[in-house]
1. Given just the C-alpha atoms of the stretch 151-203, how large is their convex hull per residue in cubic angstrom?
2. Any idea how far the Cα center of the stretch 383-411 sits from the one of the stretch 230-281, in Å?
3. In whole percent, what relative contact order does the chain give with Cα contacts below 8 Å and a gap of six or more residues?
4. Rg and Dmax in Å for the stretch 1-97, alpha carbons only: what are they?
5. Contact order normalised by length for the stretch 105-225, with contacts defined as Cα pairs under 8 Å and 6 or more residues apart; what percent is it?
6. For the stretch 394-452, what is the per residue volume of the convex hull drawn over the alpha-carbon atoms, in cubic angstrom?
7. Report relative contact order for the stretch 132-290 in percent, whole number only (criteria: Cα-Cα under 8 Å, sequence separation at least 6).
8. How would you rank 273, 90, going from fewest to most other Cβ atoms within 10 Å of each one's own Cβ?
């Protein structure tokens with residue numbers, strides 16, 4: 001089937017582009033960055049110029065342009081979510097994952113529906129409104145019916161502090177029929193990472209059903225066929241040359257848009273982290289500088305996409321990433337099945353940002369970023385082509401700011417101590433004043449007053 005996937009990622013073509021764009025001239029870099037400012041994206045060949053460019057001045061300009069584009073499309077807001085691991089049973093033996101099947105000493109578990117609801121309550125009481133649901137691949141312990149039951153259980157939880165309003169899902173590549181069940185369960189985005197686009201490296205690192213490279217890379221097509229039009233891509237940086245991975249990722253994004261009319265709703269940038277029983281060490285470690293460079297390039301190449309960073313990264317690096325492209329982030333993550341409110345047992349990987357939600361939010365406020373718990377687009381039907389129609393020209397920003405303001409006010413009223421509440425409302429008033437549409441500004445101000453009086457879940 002390898003020839004059938006060449007339209008998605010053609011390794012020889014990508015290698016040729018990397019060779020052909022070595023040591024690009026200052027003029028070539030300038031030309032590509034100038035085109036990027038148009039916010040219409042970049043070709044794989046143009047991305048080749050950027051991944052190969054060198055020089056401090058070029059890097060400064062790359063970061064400057066990436067920051068401008070991120071702000072012009074998504075504004076100052078930073079959307080928060082948390083992962084929820086429902087089952088760590090897994091039939092795959094991936095070299096880089098602590099849930100690998102050869103970890104025989106692991107005490108495996110999957111959550112009962114009562115435990116799912118208990119974990120959900122904890123997340124709600126932390127302030128979260130979005131969840132990324134995670135499962136190991138096991139056709140017995142975590143079949144699609146179990147996945148759907150977990151989704152239903154999460155959505156059923158209502159507390160005085162609110163509820164989870166959007167569930168994004170990360171499950172193993174599966175069938176169109178299974179994706180239809182996910183769609184019927186009202187998921188938000190379906191995320192699936194290729195891990196590495198380099199076929200030989202992929203083969204070496206995986207055993208079990210996931211070892212099927214073609215099953216993995218075509219899964220997004222089956223998801224769209226099932227009606228899931230918000231899809232998330234990503235690679236695990238460190239498994240292969242980051243430059244190759246970036247070009248392949250952009251090639252995959254181009255393919256999704258060309259074949260289905262809808263590019264990736266999100267692109268995630270996880271980087272390989274250590275784990276207790278993982279002996280694998282990255283053959284292609286990516287430095288902090290190159291990692292930030294990769295984030296900025298993705299923002300230029302796919303300007304409309306939501307970019308996600310996790311607590312795999314340190315607080316210091318995340319601060320830098322927020323400025324140059326990241327629009328969504330996890331906070332206070334636990335990568336253990338049923339691990340919220342408990343001492344961690346078997347985590348999938350080591351997190352490096354261990355701050356609680358309040359600390360991450362306060363830090364974001366200090367950076368003049370607007371913490372957001374918005375779930376409006378999904379619930380208003382702004383998905384797939386409808387979302388792209390307002391994201392590409394930068395109009396999504398008009399919804400992001402008011403909805404970010406309102407949901408941040410909810411957090412401040414329900415969870416924030418006095419000092420953070422005061423800082424938060426000063427920031428809210430600043431961004432409220434930046435809303436150009438006077439009617440929308442007035443309506444947002446009215447919603448703010450309703451939030452202060454106890455009204456919840458208002459959105460545009």
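1. 97 Å³
2. Answer, in whole Å: 24.
3. Here the relative contact order equals 20 percent.
4. 18.8, 52
5. 25 percent
6. Value for the stretch 394-452: 69 Å³ per residue.
7. 20 percent
8. Going from sparsest to densest Cβ surroundings: 273, 90.
Each value in this text was obtained by applying a stated rule to the coordinates, not by laboratory testing. Given the structure is predicted, the values throughout are model-derived calculations rather than measurements. In this analysis, Cβ positions are derived from the backbone assuming ideal geometry, glycine residues included, and neighbour counts consider all displayed protein chains.
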